[in-house]
1. Cβ-Cβ under 6 Å, sequence separation 6+ or interchain: first residue in segment B:103-119 and within 11 Å of residue B:49 (Cα to Cα), partner polar (S, T, N, Q). Which pairs?
2. Here are some residues: B:175, B:182. Which one is part of a strand (DSSP E or B) and surrounded by 23 or more Cβ atoms within 10 Å (Cβ to Cβ)?
3. Listed residues B:9, B:33; which is surrounded by fewer than 18 Cβ atoms within 10 Å (Cβ to Cβ) and β-branched (Val, Ile, Thr)?
4. Looking only at segment B:185-195, which residues are in a strand (DSSP E or B) and either modelled with pLDDT under 90 or surrounded by fewer than 18 Cβ atoms within 10 Å (Cβ to Cβ) (or both)?
5. Inside segment B:16-37, can you point out the residues that are more than 7 Å from chain A (Cβ to nearest Cβ) and at pLDDT 75 or above?
6. Considering only residues that are more than 27 Å from residue B:88 (Cβ to Cβ), at pLDDT below 90 and within 7 Å of chain A (Cβ to nearest Cβ), which ones fall in segment B:137-180?
7. When both residues are 6+ apart or on different chains and their Cβ atoms are under 6 Å apart, which pairs have a first residue that lies in segment A:4-29 and is facing another protein chain (nearest Cβ under 7 Å) and on the phi < 0 side of the Ramachandran plot, and a second that is part of a strand (DSSP E or B) and among the basic types (Lys, Arg)?
8. Starting from segment B:204-221, keep only residues that are at positive phi and part of a strand (DSSP E or B), then list their pairs with residues that are of a type outside the set (A, V, I, L, M) and at pLDDT 70 or above whose Cβ atoms are within a distance under 9 Å, requiring at least 6 positions of separation or different chains.
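The values are calculated or read from the model by the stated rules, or taken from the named source; none is laboratory data. Because the structure is a prediction, the values reported are computed rather than measured. Please note: Cβ atoms are built from the backbone with ideal geometry, for glycine as well, and neighbour counts cover all protein chains shown.
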Amino acid sequence: MKFEVRNGTCGYGKNTVLKAVSLTVEAGEVLCILGQGRRLFLNQFWDS
Amino acid sequence: MYLRTGKTTLFKSILGLLKMQEGFLELDGKDMTRLSRAQIAQVIGYIPQAHNPPFPFKVIDVILMGRTAHLGVFASPGEKDEKIAEEVIDSLNIRHLRDKIYTEISGGEKQLVLIARALTQKPRLLVMDEPTAALDFGNQLLVLSHIQKLAKMGLGIVMASHFPDHAFLYSSKVILLKSGGIYAAGHPSEVITERSLKDLYGVNVKILNTGVQSDANKEREVKVCIPILNAS
């Protein structure tokens with residue numbers, strides 16, 4: 001299994017939240033994503 | 001100016017809930033953007049933070065919901081689905097929770113049930129949104145050790161976290177997000193540094209080598225982050 005995001009740009013409508021993200025995860029790997037602002041995300045998106 | 005760092009946005013894109021504005025999502029070299037939601041759910045399991053649903057479902061019913069992606073629109077889970085759910089229950093050692101009411105079990109137990117629900121999808125990749133958030137110390141380590149076992153069983157795992165220590169303990173690699181992009185990516189000990197944590201979180205941190213070997217990789221020494229709280 002190989003999962004890959006290549007040069008991914010994502011956001012909402014015309015607003016870009018993340019630019020040029022590339023990552024690869026293969027079977028047996030744990031990829032950990034760290035960064036600021038998690039509560040803001042969760043309140044704004046998942047709980048809305 | 002970017003107000004968000006994008007972990008959840010990235011997850012929504014990975015799960016196909018949000019179409020990427022640019023770029024490619026591939027599984028084994030195949031374009032995933034052409035797959036339906038059900039097809040994506042057969043490959044990727046998503047585990048949200050533990051929460052209380054509005055109805056007091058039994059744990060076994062919550063776990064069986066993971067089979068939805070494999071069922072027809074009007075079908076309900078059959079014998080084969082129940083067998084898969086029971087196997088997952090045993091693999092996570094949560095048989096004692098099987099007939100309990102989901103809303104009445106602890107946060108750590110809920111997180112294990114949500115992991116079980118995702119595993120019944122028979123995914124190849126698990127996406128976990130801060131699986132240890134709001135858990136006490138013991139439950140954090142319990143959930144993390146299960147995540148480690150799942151990786152050893154051959155699943156790929158993408159996990160958002162707010163604990164650099166957890167990345168040192170269990171991850172094979174790390175991505176740091178800042179200002180709408182990747183700040184750094186690579187092996188945990190190369191990426192998580194006193195400098196990068198200062199840049200990311202705005203706090204002074206000392207990273208110490210513990211002399212203890214990592215569960216994830218016996219050749220790796222576990223490091224811990226100590227916040228330096230200078231009185232000002």
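1. Qualifying pairs under 6 Å: B:108/B:139.
2. That would be B:175, the only listed residue that is part of a strand (DSSP E or B) and surrounded by 23 or more Cβ atoms within 10 Å (Cβ to Cβ).
3. Details: B:9 fails: surrounded by fewer than 18 Cβ atoms within 10 Å (Cβ to Cβ).
The conditions single out B:33.
4. At the first step, the residues of segment B:185-195 found to be in a strand (DSSP E or B) are B:185-186.
Result: B:186, single match.
5. Passing the criteria: B:19, B:29, B:30, B:31, B:32, B:33, B:34, B:35, B:36, B:37.
6. B:162, B:177, B:178, B:180, listed by residue number.
7. If the second residue must be part of a strand (DSSP E or B) and among the basic types (Lys, Arg), the pairs left are A:9/A:19; A:26/A:2.
8. Listed by first residue and then by second, the contacts come to B:211/B:221.
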